[in-house]
Amino acid sequence: MLNACCCDISGVCAMLKITAWRLLAILSVVLGGIGVVIPGLPTVPFLLLAAWAGTHGWPRLEAWLLGHPKYGPSIRDWREHGAVSRRAKIAASAMMLLSVMMIAVSEAHVALKLGVPATLMVTAAWLWARPEPAAKQGDKSGRADR
């Protein structure tokens with residue numbers, strides 16, 4: 001009987017799967033890095049995707065992302081509690097509003113002028129329904145307000 005992967009020679013399937021996960025992780029880190037310098041392109045969602053892909057094919061990258069001083073806490077908050085900081089919610093909402101305004105004044109098709117705002121409203125409602133990270137004891141930065 002044939003293996004479902006049809007390439008059980010010397011672990012080729014396993015190698016292909018690991019390579020695919022690593023490529024997804026690299027692409028996500030690159031897009032997240034671009035998001036650091038380009039306003040409007042999110043960083044943390046791409047790093048969440050990279051960490052997730054890392055669990056499947058690159059544990060060292062996953063550990064590096066989780067231990068990152070700036071982005072690690074956001075990734076851990078999401079994984080452990082599905083939490084999104086208030087600062088991230090505000091930034092995402094502002095970018096969604098800017099997108100809606102740009103589409104409204106563009107010559108986009110009416111379906112886009114109606115569909116994009118509707119989709120972004122649902123996304124914003126979902127985002128604001130997410131819990132915010134609890135402030136850590138001794139943390140004066142007000143982590144829930146980040």
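Can we say Trp21 is of a type outside the set (Gly, Ala, Ser), in contact with a Phe, Trp or Tyr (Cβ under 8 Å, 6 or more places away or on another chain), in a helix (DSSP H, G or I) and not assigned by TED's automatic domain parsing to the domain that holds Pro131?
Yes: the conditions hold for Trp21.
With respect to Leu66, is the statement that it is closer than 15 Å to Val44 by Cβ, part of a helix (DSSP H, G or I) and not β-branched (Val, Ile, Thr) true?
Yes: the conditions hold for Leu66.
Whether any residue in the stretch 98-110 is assigned by TED's automatic domain parsing to the domain that holds Met15, farther than 30 Å from Met15 by Cβ and surrounded by 15 or more Cβ atoms within 10 Å (Cβ to Cβ) is what I want to check.
Checking the stretch 98-110: not a single residue is assigned by TED's automatic domain parsing to the domain that holds Met15, farther than 30 Å from Met15 by Cβ and surrounded by 15 or more Cβ atoms within 10 Å (Cβ to Cβ).
For the stretch 69-84, enumerate the residues that are in a helix (DSSP H, G or I) and charged (D, E, K, R).
Arg76, Asp77, Arg79, Glu80
Could you tell me which residue of the stretch 38-68 is farthest from Ala92 (Cα to Cα), considering only residues that are free of Cβ contacts under 8 Å to residues at least 12 places away in the same chain and among the β-branched types (Val, Ile, Thr)?
Residue satisfying both the conditions and the ranking: Thr55.
Quickly run through the stretch 69-86 and pick out the residues that are free of Cβ contacts under 8 Å to residues at least 60 places away in the same chain and surrounded by 15 or more Cβ atoms within 10 Å (Cβ to Cβ).
Tyr71, Gly72, Ser74, Ile75, Arg76, Asp77, Trp78, Ala83, Val84
The values are calculated or read from the model by the stated rules, or taken from the named source; none is laboratory data. For clarity, every value in this text was computed on a predicted model and none was experimentally measured. Here the Cβ is made from the backbone with ideal geometry for all residues, glycine too, and neighbour counts use every protein chain on show.
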